[in-house]
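Student: Below you'll find the structure I mean.
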Amino acid sequence: MHADTMARLGVDRHHAGTFAGEWIESLDAQQIESINPTTGEPLGSISATTEDEYDLVVTKAQEAFERWRMIPAPQRGEYVRQIGEALRDNKSELGSLVTAEVGKITAEGEGEVQEAIDMAEFAVGLSRQLYGLTMASERPHHRLFEQWHPLGPVGVITAFNFPVAVWSWNAFVAAVCGDAVIWKPSSHAPLTSVAITRLCAEVMDGSGFESIFSLVSDPVGRAMVDDRRIPLISATGSTEMGRDVSRRVSDRLGRSLLELGGNNGAIVMEDADVDLVTRAVVFGAVGTAGQRCTTLRRLFVHDSIAEEVVGRLKVAYETLPIGDPSHPDNLVGPLISNQAMENMQRALANAVDQGGHIIAGGEPMESPGYFVQPAIVWIEPTAPITHTETFAPILYVSSFASLDDAMSAHNAVPQGLSSAIFTDSLKAAERFLSASGSDCGIANVNAGTSGAEIGGAFGGEKDTGGGRESGSDAWKAYMRRQTVTLNWGDDLPLAQGIDFG
Ligand code: UN1
């Protein structure tokens, strides 16, 4: 089944891992193996990128960029439209490859490809919407305005958990903005990156712009981060990784766009709809086996309904269908690796040490793959473990007496990605959305923390890194702003009224 899917996508069991307008690999290259987390078995492998190959990728991307930036943005959008079509035509194959490679259930594997298709469509529209403002000039016969120009080759570092969608947030927007894109995917999802790059290559073939969507593999991520030829590095992953990227990129005064760890919380008020809460919490906490940066990790429930909500969640957790993610009945697939299982066990042990009680799940499961039972832990919101992100399905639950208390516990963590409140009270919702409410980049009312639409800007504050990707005006990060003053008069009036003789 996997072999068929891979063949349809043109991904051989062994494939070159570097694309610079053409696939390249050196004979003695190291291999990066892709492991199917459902079975623990290898799916295939790609060749790692050597330093020389990396250099060729950047040289070709730069050369392509210099021509790409000069074609009208809507024409660039036309290429992205065709890539979106190619994704649409291959949605189920790509979805199954995502399922095989990172263990997402079929609906989520395909959902992620859909997110990339949506993103392509968004970027096509955007290609006719890259606007600049005109400001009122203080000088007669002067026009003051800003325009946005392409930036250069952009480096895109993605994580295993969204191996298609997060690349598309960056790549499609950057491409219509006139940039070339150099992708360094996660070593846990190399085959998906090869399949996607092959689709792009097919569309771009013969256009003269084959190097606009290129691919590099480990271990050249660091070289890319340090490379002055790359004005923007967009990186998704852990806070630790992002801190390192941020330091290195700012050292060369480059730009970084960071989407890092989340530790997302939801507040459940006494008037919340408990059915809706239960469904939203289960999807948010156990969807993608707790491996989204938007996964719900902390739940604050009003004292008066805590017992009821926890009871409902326990029942839901006891009957969760966990298993082979390609089986349509299953809702929870495996974690990405054995290491991820160990991290989860360590976090649970710490939680118990810090006074927590595991009230559902938590056990690793007998299986060749990396399956676990999602856990619910009743614990004080001040326990240090609840202030860290463990990339696994652990939900820390506590109760509160007043919204003010819940709000301060909610905002007390270093991360600031996504947040939610469940209530029918207008006052409570508005308090949560106010300047003294949620300190996150994403705030939801009566909807869970995960599963954001692409139309909004995605990202968060504090340790989440501050970057914004995908929708709204996130495109501005991929362009350079130029402020223009144009004097169409015969005099030379100076700003600030300066008289210079
Ligand atoms: C991520 O986990 O890095 O909002 C991205 C969501 C998805 C994207 C998650 N649209 O959950």
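Student: Considering the range 236-268 alone, what residues qualify as being under 30 Å from Leu395 (Cβ atoms) and either part of a strand (DSSP E or B) or of a type in the set (D, E, K, R) (or both)?
Tutor: Thr236, Glu240, Arg243, Asp244, Leu257, Leu258, Glu259, Asn264, Gly265, Ala266, Ile267, Val268
Student: Would you pick out the residues in the range 445-501 that are among the aromatic types (Phe, Trp, Tyr) and in a strand (DSSP E or B)?
Tutor: Within the range 445-501, just Phe458 meets the criteria.
Each row is one residue, and each column tells you yes or no for (1) of a type in the set (S, T, N, Q); (2) in a loop (DSSP other than H, G, I, E, B); (3) farther than 30 Å from Asn170 by Cα.
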{"site": "Phe391", "(1), (2), (3)": "no, yes, no"}
{"site": "Ser399", "(1), (2), (3)": "yes, no, yes"}
{"site": "Asp404", "(1), (2), (3)": "no, no, yes"}
{"site": "Ser419", "(1), (2), (3)": "yes, no, no"}
{"site": "Asp424", "(1), (2), (3)": "no, yes, yes"}
{"site": "Ala428", "(1), (2), (3)": "no, no, yes"}
{"site": "Arg431", "(1), (2), (3)": "no, no, yes"}
{"site": "Ala435", "(1), (2), (3)": "no, yes, no"}
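Student: Out of the range 88-99, which residues are in contact with a Ser or Thr (Cβ under 8 Å, 6 or more places away or on another chain) and of a type outside the set (S, T, N, Q)?
Tutor: Across the range 88-99, the qualifying residues are Glu93, Leu94, Gly95, Leu97, Val98.
Student: Also, I was wondering about something else. For the range 427-446, give me each residue that is touching a residue at least 40 places away in the same chain (Cβ under 8 Å) and over 21 Å from Ser472 (Cβ atoms).
Tutor: Ala428, Asn446 - these are the residues of the range 427-446 that are touching a residue at least 40 places away in the same chain (Cβ under 8 Å) and over 21 Å from Ser472 (Cβ atoms).
Student: For residues that are among the aliphatic types (A, V, I, L, M) and touching a Leu at 6+ places or on another chain (Cβ under 7 Å), scanning just the range 449-501, find the one that is surrounded by the most Cβ atoms within 10 Å (Cβ to Cβ).
Tutor: The qualifying residue surrounded by the most Cβ atoms within 10 Å (Cβ to Cβ) is Ala477.
None of the figures in this text is laboratory data; all of them are computed from the coordinates on show. Please read all numbers here as calculations on a predicted model, not as lab measurements. Every residue, glycine among them, receives a Cβ derived from its backbone with ideal geometry; neighbour counts consider all protein chains shown.
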